[in-house]
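Please read the structure below before turning to the comments.
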Number of protein chains: 2
Amino acid sequence: MTCFTGYSVRSGSGDTLGRVTSSSNSTQASIPPSALDRFHAVIPAGGVGTRLWPLSRAGAPKFLHDLTGAGTTLIRSTYERLLPLSGHSVMVVTGEAHGEAVLGQIPELNLEDLVLEPEPKDSAAAIGLAAAILHSRDVAAGRTGSAGTIMGSFAADHVIAPVQIFRDAVGQAVVTAATDKIVTIGIKPTHPSTGFGYIRTGEKYQVADAPDAHHVIEFVEKPGEQIAQEYVASGDYLWNAGMFVAPVSLLLDHLAAAEPELHAGLTEIAAAWGTDHQAETLARVWPTLPKTAIDYAVAEPAADAGDVAVIPGNFTWDDVGDFAAIARLNPAAQQENMTVLGKKPRVYSEDSSGVVVSETQRVVALIGVKDIVVVDTEDALLVTTTDHAQSVKQAVEALKAKGDSDVL
Amino acid sequence: MTCFTGYSVRSGSGDTLGRVTSSSNSTQASIPPSALDRFHAVIPAGGVGTRLWPLSRAGAPKFLHDLTGAGTTLIRSTYERLLPLSGHSVMVVTGEAHGEAVLGQIPELNLEDLVLEPEPKDSAAAIGLAAAILHSRDVAAGRTGSAGTIMGSFAADHVIAPVQIFRDAVGQAVVTAATDKIVTIGIKPTHPSTGFGYIRTGEKYQVADAPDAHHVIEFVEKPGEQIAQEYVASGDYLWNAGMFVAPVSLLLDHLAAAEPELHAGLTEIAAAWGTDHQAETLARVWPTLPKTAIDYAVAEPAADAGDVAVIPGNFTWDDVGDFAAIARLNPAAQQENMTVLGKKPRVYSEDSSGVVVSETQRVVALIGVKDIVVVDTEDALLVTTTDHAQSVKQAVEALKAKGDSDVL
């Protein structure tokens with residue numbers, strides 16, 4: 001992959017933020033400044049991260065934790081990763097319960113860019129509402145056609161490195177989206193994972209300042225092992241990391257075609273947004289919206305229509321899906337064979353390996369346990385192995401069924 | 001082994017305690033009532049039970065826990081096991097820090113029978129002091145020779161069943177001790193354990209009302225595996241469970257011969273016991289006493305002198321040495337494949353086996369962990385396996401070395 005840095009950072013944001021590298025500024029003349037100026041980052045912060053229970057839970061979901069020892073929460077890292085591209089044009093869509101926590105993490109957030117869902121409605125509603133609100137602002141401001149907002153949606157709980165390569169890919173995605181495309185960033189597979197959906201890439205898409213852009217032939221669901229191996233061997237497939245960059249008008253057009261009811265509801269809410277009717281409209285309309293994923297509602301039909309492009313992302317990407325990921329992502333937290341996370345962990349281990357997450361001040365002693373996962377919180381304790389990390393979700397469901405919801 | 005019930009319970013204690021079986025009373029005439037009337041039970045309650053950390057610890061040692069789901073602590077069970085034989089003639093020797101807790105468990109205890117050690121001095125000093133105090137009382141009361149006290153020493157933290165067979169063995173030991181013998185109760189080995197010392201039995205010892213009594217040839221240290229197998233195959237060896245029944249005068253004679261310094265110190269303390277000088281004498285003399293085990297100081301030399309007999313105990317006996325024992329001893333606490341102990345355990349397990357001890361109200365979720373040991377206390381958490389149960393002791397030593405003594 002070509003490492004491209006030929007897009008500008010957002011005009012005027014460099015000095016204020018102090019995050020702009022000088023190399024970015026040097027080539028500013030080579031791309032239309034308008035593309036990145038149209039960019040508005042959207043951070044959907046939904047999902048509890050059930051496989052990370054009892055660390056992550058309804059009241060304190062995954063994105064509010066520092067799961068990589070970076071010293072910042074995942075949502076703050078996501079925000080800072082986007083900041084040089086978006087400036088303060090960042091919107092967060094999250095559950096009502098997490099509004100305050102999100103503002104605690106991103107005090108710079110404009111209050112009108114904090115969108116609170118009365119209840120979870122899956123990604124099409126969350127991202128669609130963001131698009132509808134941004135589009136409604138465009139209309140109000142007279143920004144039509146190629147002046148309209150290009151939104152980029154990036155989940156609040158992903159881990160990405162190095163950020164400069166990520167920013168380069170997003171930059172290419174923005175200029176590609178400016179050609180009226182929905183652009184996804186696909187991750188070069190490092191192994192034949194059966195846990196992710198894949199993106200089948202087509203021919204190179206010729207866009208000035210986006211040398212890595214390709215057409216997308218189709219999105220495919222999580223494959224079996226055999227198919228996954230074929231995908232990776234072919235070199236034509238990328239992991240679908242759920243990152244979308246698109247003109248809001250184009251995204252809404254596809255949503256209207258595939259999910260007219262959802263589109264109508266979101267349009268009604270967006271029209272009331274920022275007015276005296278916002279709360280009433282949201283409370284009335286939101287519960288009626290259908291639950292569906294943005295992949296079904298927008299990405300797949302748009303790909304069928306030939307409207308989707310992809311920028312391959314040659315960076316490491318992890319959605320921190322379980323405690324095995326925690327071990328992978330924290331090489332710096334190794335104590336002998338243990339990965340130890342926590343504010344002031346007091347862990348003694350002998351003849352043991354695995355992960356300890358210590359949210360309490362308790363001494364944790366591990367003897368003769370291999371590939372163990374111990375998550376020690378005030379009201380719940382999990383003991384499993386890295387091999388069983390994915391089973392944590394079922395355990396949480398079982399606890400719910402048993403009536404132990406107070407710790408979920 | 002003959003199941004013998006031909007000894008009387010302690011005269012006069014039956015009605016008061018309501019614990020006497022009618023079969024015991026029916027043969028009262030066949031033995032001299034004086035033997036059991038001379039009996040005074042001594043319960044040494046020392047030792048932290050380090051292998052049971054973090055459940056058992058310096059401030060709350062093993063004997064203060066209910067480790068069998070019996071609903072009572074080990075020390076209370078020990079007391080109740082002896083009560084029909086000893087009546088209220090029970091002495092407890094424990095550390096100063098545990099005096100109050102012991103009285104909490106045995107409110108019936110006479111205060112002059114609560115002997116508090118200023119610091120741990122091993123079993124010879126603890127049992128020797130009990131013998132010296134009881135002997136001193138005998139002297140003061142004019143009980144000499146065959147009227148003197150027969151003490152029986154039984155550790156506070158052992159688990160025994162069924163109690164009636166135990167009581168039968170103790171009854172035989174008391175009448176055997178009345179023939180001026182130090183009598184141990186040896187446990188019939190169920191397997192070639194390398195964790196216990198063994199007692200080599202000799203010929204039958206002819207004592208009226210003690211049909212199982214045998215001479216003891218020698219005590220032998222914990223053997224290797226090969227030797228242990230030979231011992232068990234021979235049928236001549238019993239496990240040494242550290243239970244001794246002896247006239248206090250005889251025990252003290254042997255102590256005086258083997259450990260004159262210790263004997264002199266204990267005699268000085270005993271002489272001051274119950275007087276105004278008790279505290280001062282104890283504080284001055286106790287720290288100077290040598291540390292040694294009762295086996296070396298009394299049992300082994302007495303066996304060499306031909307003064308030791310044994311009653312084989314055909315009951316199950318466990319010294320609850322580690323968490324593997326906890327699993328063994330709590331068949332009733334099984335939830336699927338897990339042994340779960342605790343006041344209100346909230347344990348969810350899936351595809352797991354082992355032991356959970358829950359001293360907190362936290363939810364404990366176990367997924368895919370086999371033969372696991374999880375001990376969950378307010379300030380410390382242990383995760384190990386039943387195979388590594390014996391290694392807990394080293395972990396505690398390592399924590400001490402690391403400066404984590406607050407949780408030990």
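The values are calculated or read from the model by the stated rules, or taken from the named source; none is laboratory data. These figures come from a predicted structure and were not determined experimentally. Cβ atoms come from the backbone with ideal geometry, glycine included; neighbour counts cover every protein chain shown. Accessible surface areas use protein heavy atoms only, side chains included; no ligands, DNA or RNA. Shrake-Rupley method; radii C 1.70, N 1.55, O 1.52, S 1.80 Å.
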Single residue of A:THR316, A:THR281 found to be of a type outside the set (Phe, Trp, Tyr) and free of Cβ contacts under 8 Å to residues at least 24 places away in the same chain: A:THR281
Collect the residues in the stretch A:130-147 that are within 26 Å of A:VAL207 (Cβ to Cβ) and at pLDDT below 95, keeping them in residue-number order. A:ARG143, A:THR144, A:GLY145, A:SER146, A:ALA147
From the option list A:ASP168, A:ASP138, A:ASP209, single residue qualifying as out of contact with any helix residue (DSSP H, G or I) (no Cβ under 6 Å at 6 or more places or on another chain), open to solvent by less than 60 Å² (accessible area, probe 1.4 Å) and farther than 30 Å from A:LEU289 by Cβ is A:ASP168
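Condition test on A:VAL320, is it facing chain B (nearest Cβ under 8 Å) and open to solvent by less than 10 Å² (accessible area, probe 1.4 Å)? Give the steps one after another, and end with the answer.
Values: facing chain B (nearest Cβ under 8 Å): no; open to solvent by less than 10 Å² (accessible area, probe 1.4 Å): yes.
No; evaluated as a whole, the condition is false for this residue.
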In the set B:THR179, B:THR194, B:THR201, which member is under 23 Å from the mean Cα position of the chain (by Cα), in the same structural domain as B:ALA297 (by TED's automatic domain parsing) and more than 25 Å from B:ASP122 (Cα to Cα)? B:THR201
Among the listed residues B:ALA303, B:ALA297, B:ALA264, which satisfies the condition of being out of contact with any helix residue (DSSP H, G or I) (no Cβ under 9 Å at 6 or more places or on another chain) and among the small types (Gly, Ala, Ser)? B:ALA303
Within the stretch B:356-386, tally of residues that are of a type in the set (Asp, Glu) and touching a residue at least 40 places away in the same chain (Cβ under 8 Å): 2
I'd like the full set of residues that are among the polar types (S, T, N, Q) and either assigned to a loop (DSSP other than H, G, I, E, B) or open to solvent by less than 40 Å² (accessible area, probe 1.4 Å) (or both), limited to the stretch A:267-295. A:THR275, A:THR281, A:THR292
Flag for B:GLU108 being at pLDDT 95 or above and charged (D, E, K, R): yes
Among the candidates A:LYS344, A:LYS402, single out the residue that is among the charged types (D, E, K, R) and more than 16 Å from B:VAL364 (Cα to Cα). A:LYS344
Within the stretch B:351-406, count every residue that is of a type in the set (Asp, Glu) and at the interface with chain A (Cβ under 7 Å from one of its Cβ atoms). 4
Segments classed as helices (runs of 4 or more DSSP H), wholly inside the stretch A:1-71, with at least 1 members that are at pLDDT 90 or above: A:33-37
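Return yes or no: is A:ASP307 open to solvent by less than 30 Å² (accessible area, probe 1.4 Å) and out of contact with any Gly (no Cβ under 9 Å at 6 or more places or on another chain)?
No, not satisfied.
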Go through (1) part of a strand (DSSP E or B); (2) open to solvent by 20 Å² or more (accessible area, probe 1.4 Å) and name the single condition A:ALA155 misses. (1)
Within the stretch A:319-332, does at least one residue satisfy the condition of being among the aromatic types (Phe, Trp, Tyr) and outside the structural domain of A:VAL174 (by TED's automatic domain parsing)? yes
Which strands (runs of 3 or more DSSP E) does the stretch B:315-408 wholly contain that include 1 or more residues that are of a type in the set (Asp, Glu) and more than 29 Å from A:LEU408 (Cα to Cα)? B:316-318
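Conditions (1) over 18 Å from the mean Cα position of the chain (by Cα); (2) more than 28 Å from B:VAL174 (Cβ to Cβ), marked per residue:
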{"site": "B:SER56", "(1), (2)": "no, yes"}
{"site": "B:HIS65", "(1), (2)": "no, yes"}
{"site": "B:MET91", "(1), (2)": "no, no"}
{"site": "B:ILE106", "(1), (2)": "no, no"}
{"site": "B:GLU112", "(1), (2)": "yes, no"}
{"site": "B:ALA132", "(1), (2)": "yes, no"}
Condition met for B:ALA327 (open to solvent by 10 Å² or more (accessible area, probe 1.4 Å), of a type in the set (A, V, I, L, M, F, W, C) and more than 9 Å from chain A (Cβ to nearest Cβ)): yes
Which numbered condition trips up A:SER249, out of (1) in contact with a Pro (Cβ under 9 Å, 6 or more places away or on another chain); (2) open to solvent by 20 Å² or more (accessible area, probe 1.4 Å); (3) among the small types (Gly, Ala, Ser)? (1)
Quick one: A:MET91 ticks every box in (1) buried (at least 20 other Cβ atoms within 10 Å of the Cβ); (2) modelled with pLDDT under 95 except a single one, so which number is it? (2)
